[in-house]
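Here is the structure we will look at.
Values in this text are rule-based calculations from the coordinates and carry no lab data. As the structure is a prediction and not an experimental result, all values here were calculated from the model. Every residue, glycine as well, gets a Cβ built from its backbone with ideal geometry; the counts of neighbours run over all protein chains shown.
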Amino acid sequence: MTKTEKQEQLQASRKRLESLVSPGQRIFARYESRSRSGMYRTVRLYVIQGEDLINITGAVATVLAWRYDRRHEAIGYKGCGFSATDEAVMDLSLALFNNAYALQCCTF
């Protein structure tokens with residue numbers, strides 16, 4: 001993928017997220033998997049629009065430049081001792097609204 005294609009993908013993902021997510025909105029997060037050692041886990045992120053549950057995981061991974069685990073179709077995290085779901089929502093909130101607490105995290 002060329003640098004221009006990456007920029008276009010980043011802009012498209014950011015535009016999609018800005019159209020789906022607004023300040024104060026609740027982001028639903030789900031742990032998809034965890035390694036046996038507990039040092040690696042994957043998380044999916046969703047928003048509710050009308051009656052639809054929309055998966056925004058790929059767009060979030062692109063905008064935040066995080067690892068996208070294709071096997072689990074989720075964002076992959078290494079480490080322990082933190083809440084990966086809260087981390088994802090807070091970083092998304094910072095990227096979109098320049099405020100870590102503009103979005104709410106709901107884990108299911």
Tell me, ASP91, ASP52 in order of fewest to most beta-carbon neighbours within 10 Å?
-> ASP52, ASP91
Tell me, TYR46, TYR101, TYR68, TYR77 in order of fewest to most beta-carbon neighbours within 10 Å?
-> TYR101, TYR68, TYR46, TYR77
Quick one: give the max-minus-min coordinate of the C-alpha atoms of the chain along each principal axis, largest first, in Å.
-> 37, 35, 27
